[in-house]
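Structure first, commentary second.
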Amino acid sequence: MTQAEIKLCSLLLQEHFGEIVEKIGVHLIRTGSQPLRVIAHDTGTSLDQVKKALCVLIQHNLVIYQVHKRGVVEYEAQCSRVLRILRYPRYIYTAKTLYNDTGELIVEELLLNGKMTMSAVVKKVADRLTETMEDGKTMDYAEVANTFVRLADTHFVQRCPLVPAAENSDAGPPPPAPTLVINEKDMYLVPKLSLIGKGKRRRSSEEDATGEPKAKRPKHTPDNKEPIPDDGIYWQANLDRFHQHFRDQAIVSAVANRMDQTSSEIVRTMLRVSEITTPSSAPFTQPLSSNEIVRSLPVGYNISKQVLDQYLTLLADDPLEFVGKSGDSGGGMYVINLHKVLGSLATATLESVVQERFGSRCARIFRLVLQKKHLEQKQVEDFAMIPAKEAKDMLYKMLSENFISLQVGCQ
Amino acid sequence: MAEVKVKMQPPDADPVEIENRIIELCHQFPHGITDQVIQNEMPHIEAQQRAVAINRLLSMGQLDLLRSNTGLLYRIKDSQNAGKMKGSDNQEKLVYQIIEDAGNKGIWSRDIRYKSNLPLTEINKILKNLESKKLIKAVKSVAASKKKVYMLYNLQPDRSVTGGAWYSDQDFESEFVEVLNQQCFKFLQTKAETARESKQNPMIQRNSSFASSHEVWKYICELGISKVELSMEDIETILNTLIYDGKVEMTIIAAKEGTVGSVDGHMKLYRAVNPIIPPTGLVRAPCGLCPVFDDCHEGGEISPSNCIYMTEWLEF
């Protein structure tokens, strides 16, 4: 971790969690993985305070722990995860665009609290929404729960790893720290039973106090003595899924810029359908047949199958190579070339930096060298059609700022 | 009694006669005759006499000596050329020959020296002589501005020497290139826009937004902004610079031989395109363009908290 990154983490931790957490957090980032007593000793804070700080950090997924041999538990801070705090507003905004205010508040609650149970989230969000609503109107828990389920189905929120069910309780002394596991299949499984149960219970408790408007109830009964039905099942925001969403947005806008609106909608549909089936680091999305695409297009877009096929062919033939054709069954199987897209976007970003920083003629030289890999001075002048003196000047300027490097060739 | 040796005197022993016969033969075979042919014609002449005759004709400039794969050829010299070279001596003719061989690329004086093995002073004298007779000319090369190459007077210098259409008197014409650049781009842009507005089915839209290099070339020629005649390759180099500007993309399609503008069965099509991302975030903030980016850190003289660019930018 660079000095600048550590400084940034320190500022973030301080702003969000206070001084003590900041001290412990930064210490862990600097020194790597350490056991509890060493942390306490090195930072000069009391064991109690260190424990509390670590609790906060673990709750927010900023620190992980591992049991090493000889029963020593070591704690490790995740600097990159700390830096993600900067992106919280963007995650919340994304949830707002996709799932309206309800989604926005759900994600906000999860991000601010690290881990929460579903019932706690639903309750809190319903309360907050009710406060903003007009008098007499209340927010139904079911609606919030509905949005929560949709968030879970599209993988924006996921279950936290759990303590595995103790199979044989007499397996000897319990380990110093539990090893949390989560089954891949269960990660997005919303606890169904508790959902229904909650609904009923809410309704029954409503029947108890039918006279009072529901808006007042949560404020006047701060201690809810009901047992939480889904205790132990905690949820957290799935940051990787948000990142995948940002990537998809970038791809769609690139296609819209290069081609037209309809093509970008088609690409958006393709990405949406393969959201969940394709792992985020795959080079291609799952092949989709053009029949499937036609079926999944948003309702407003009624373009005929032939026109869709034409668009798909154009996308596949475009020199950008964002979309590829992988087969002919089902009217043509199409994939999105994720690695190629990301490469093109990265190249375009670099070129944009050079253009803004040095000017469009330097950008021309930069693109030229990028395409041709190696060029001599004279070739640069000839291809770019820039007079020799100016070309030399520009090349040396970019060389001095390390955008271009010089290689001495053998004569 | 002294023995009188009677030497059989061949009838045509007169050297002039021999030369005339040879010239007649050369006229008969304008492509050149070999020594063998002369021998067959005049079998009674000895080799030495033959050689003398031929040498005289050569030195008088009436015969050309060529080497073919069968041997030496003698050819009658063009009367015009023969006239020109009259009065020049052998060395001059040699130098002239070397320069002629260099074609329209020209040859440097040092190379002439190597080829002819003549001393430098002689070469210079001969070159001055030939220049004054308007037989050769000196052309400045664009690659090395001090170098002068010599070529025949009436030849058009090759592109590599003058730099082609983009150089006028050794100066690269950057405004001219810029103007052409913009014109080509505008042409392609308008074409793409009309295609987009036609609202036809996407295939036709895309295909009509393409222009072949031949079309662009015709448009530029008709515009008449160039005083020099431009070839299709010249236009293609301009279009390539537009590709490096990221404004245009190119595809190559197979075209039937004979369609207008196709070269070797291919045709290059160009289309104006938009960039795929808007200017990126880093350069929209002042830090991306800051000249003292590397010196900036919190607590230093130049820091984000006292950055004037940042203050200005946030004031909007």
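The values are calculated or read from the model by the stated rules, or taken from the named source; none is laboratory data. Owing to the predicted nature of the structure, the values given are computational and were not obtained by experimental measurement. In this analysis, Cβ positions are derived from the backbone assuming ideal geometry, glycine residues included, and neighbour counts consider all displayed protein chains. Surface accessibility is based on the protein's heavy atoms, side chains included, excluding ligands, DNA and RNA. Shrake-Rupley method; radii C 1.70, N 1.55, O 1.52, S 1.80 Å.
Any idea how many residues of region A:74-119 are over 13 Å from the mean Cα position of the chain (by Cα), touching a residue at least 60 places away in the same chain (Cβ under 8 Å), closer than 24 Å to residue A:1 by Cα and open to solvent by 40 Å² or more (accessible area, probe 1.4 Å)?
0
What is the one condition in (1) within 27 Å of residue A:154 (Cα to Cα); (2) of a type in the set (Asp, Glu); (3) over 29 Å from the mean Cα position of the chain (by Cα) that residue A:328 does not satisfy?
Failed condition: (1).
Which of the residues that make up region A:267-287 are farther than 18 Å from residue A:340 by Cα and hydrophobic (A, V, I, L, M, F, W, C)?
Within region A:267-287, A:273, A:276 qualify.
What residue, of B:312, B:233, B:301, is open to solvent by 50 Å² or more (accessible area, probe 1.4 Å), in a loop (DSSP other than H, G, I, E, B) and more than 17 Å from residue A:355 (Cα to Cα)?
On inspection, the qualifying residue turns out to be B:301.
Which residues, taken from region A:138-162, are without any contact (Cβ under 8 Å) to a residue 40 or more places away in the chain and over 20 Å from residue A:280 (Cβ atoms)?
Scanning region A:138-162 gives A:139, A:140, A:146.
Can you tell me which residue in region B:264-283 is nearest to residue A:353 (Cα to Cα), limited to those that are more than 11 Å from chain A (Cβ to nearest Cβ) and either open to solvent by less than 30 Å² (accessible area, probe 1.4 Å) or out of contact with any helix residue (DSSP H, G or I) (no Cβ under 6 Å at 6 or more places or on another chain) (or both)?
The qualifying residue nearest to residue A:353 (Cα to Cα) is B:272.
Does residue A:388 count as among the hydrophobic types (A, V, I, L, M, F, W, C) and more than 25 Å from residue B:181 (Cβ to Cβ)?
no
What number goes with the only condition from (1) open to solvent by less than 40 Å² (accessible area, probe 1.4 Å); (2) modelled with pLDDT under 90 that residue A:407 does not pass?
Of everything listed in (1) open to solvent by less than 40 Å² (accessible area, probe 1.4 Å); (2) modelled with pLDDT under 90, residue A:407 misses just condition (1).
Which condition from (1) exposed (fewer than 14 other Cβ atoms within 10 Å of the Cβ); (2) over 25 Å from the mean Cα position of the chain (by Cα) is the one that residue B:225 breaks?
(2)
In region B:284-298, what count of residues is obtained for those that are touching a helix residue (DSSP H, G or I) at 6+ places or on another chain (Cβ under 9 Å) and either open to solvent by 60 Å² or more (accessible area, probe 1.4 Å) or of a type outside the set (A, V, I, L, M, F, W, C) (or both)?
7
Quickly run through region A:290-322 and pick out the residues that are aliphatic (A, V, I, L, M), within 28 Å of the chain's Cα centre (by Cα) and within 14 Å of chain B (Cβ to nearest Cβ).
The answer is A:315, A:320.
Listed residues A:325, A:389; which is within 30 Å of residue A:294 (Cβ to Cβ) and more than 7 Å from every other protein chain (Cβ to nearest Cβ)?
Among A:325, A:389, only A:325 is within 30 Å of residue A:294 (Cβ to Cβ) and more than 7 Å from every other protein chain (Cβ to nearest Cβ).
Answer yes or no: is there a residue in region A:376-394 that is closer than 24 Å to residue A:249 by Cβ and open to solvent by 30 Å² or more (accessible area, probe 1.4 Å).
Checking region A:376-394: not a single residue is closer than 24 Å to residue A:249 by Cβ and open to solvent by 30 Å² or more (accessible area, probe 1.4 Å).
Modelled with pLDDT of 75 or more, acidic (Asp, Glu), part of a helix (DSSP H, G or I) and open to solvent by less than 80 Å² (accessible area, probe 1.4 Å): is that true of residue B:24 in this structure?
It is false that residue B:24 is modelled with pLDDT of 75 or more, acidic (Asp, Glu), part of a helix (DSSP H, G or I) and open to solvent by less than 80 Å² (accessible area, probe 1.4 Å).
So, residue A:376, is that one at the interface with chain B (Cβ under 9 Å from one of its Cβ atoms) and of a type in the set (D, E, K, R) or not?
Answer is no for this residue.
Quick one: which of A:276, A:233 is aliphatic (A, V, I, L, M) and either in contact with a Pro (Cβ under 9 Å, 6 or more places away or on another chain) or at positive phi (or both)?
A:233
Here are the criteria: (1) assigned by the TED database to the domain that holds residue A:265; (2) buried (at least 16 other Cβ atoms within 10 Å of the Cβ). Tell me which single one residue A:327 does not satisfy.
Of (1) assigned by the TED database to the domain that holds residue A:265; (2) buried (at least 16 other Cβ atoms within 10 Å of the Cβ), only one is false for residue A:327: (2).
Can you tell me which residues in region A:338-365 are crowded, with 18+ Cβ neighbours inside 10 Å, touching a Leu at 6+ places or on another chain (Cβ under 9 Å) and more than 9 Å from every other protein chain (Cβ to nearest Cβ)?
A:341, A:362
Select from region B:169-216 the residues that are within 12 Å of chain A (Cβ to nearest Cβ), basic (Lys, Arg) and assigned to a helix (DSSP H, G or I) and write down the one among them that is most open to solvent (accessible area, probe 1.4 Å).
Taking the candidates together, the pick is B:196.
Out of A:273, A:307, I need the residue that is farther than 17 Å from residue A:256 by Cα, among the hydrophobic types (A, V, I, L, M, F, W, C) and without any contact (Cβ under 8 Å) to a residue 12 or more places away in the chain. Which one?
After applying the criteria, what remains is A:307.
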